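A.B. asks: My questions will all concern the structure given below.
What follows is calculated from the coordinates using simple rules that are stated; it is not laboratory data. Source: prediction; values computed, not measured.
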Amino acid sequence: MRKTATTWLLLLFLIFVGFGDSFLPKPLSSASLQTRTAINKFVAGLFPNWDLRSDPNARTEKALDDIEKGRAK
């Protein structure tokens with residue numbers, strides 16, 4: 001009984017968050033959208049920003065230039 005209730009609650013929550021803003025009346029649709037936005041921001045905040053300040057291919061390009069010019073190790 002408890003497992004069934006938990007399954008139904010989880011399913012209803014996922015439907016509410018995923019699709020609630022498209023078919024629920026206004027106060028609930030806004031809550032669904034805000035909940036989804038909050039969850040998205042939380043999950044995105046778990047991962048640090050990956051900011052490439054330098055050229056990631058610079059070392060490879062330099063090695064290829066060295067090989068072409070005969071300065072290979």
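A.B. asks: Here are several values of Kirkwood radius over Cα pairs in Å: (i) 14.1; (ii) 17.8; (iii) 16.9. Which one was derived from the coordinates shown?
C.D. replies: (iii)
A.B. asks: Something else: For the chain, what does -39500 (n - 2.57) per DSSP helix run (n ≥ 4), summed and divided by total residues, give at 222 nm, in deg cm²/dmol to the nearest 500? Mind showing how you got there, number by number?
C.D. replies: Details: 3 runs with 53 residues, N = 73.
The helix contribution divided over the chain gives -24500 deg cm²/dmol.
A.B. asks: Can you tell me, using C-alpha contacts under 8 Å and at least 6 residues apart, the relative contact order of the chain as a whole percent?
C.D. replies: 16 percent
A.B. asks: Could you give the length gained by full extension between residue 10 and residue 49, i.e. 0.36 nm per residue of separation minus their alpha carbon distance, to one decimal place? Numbers along the way, then the final one.
C.D. replies: On the way: separation 39, 0.36 × 39 = 14.04 nm, distance 3.07 nm.
Here the segment from residue 10 to residue 49 would lengthen by 11.0 nm.
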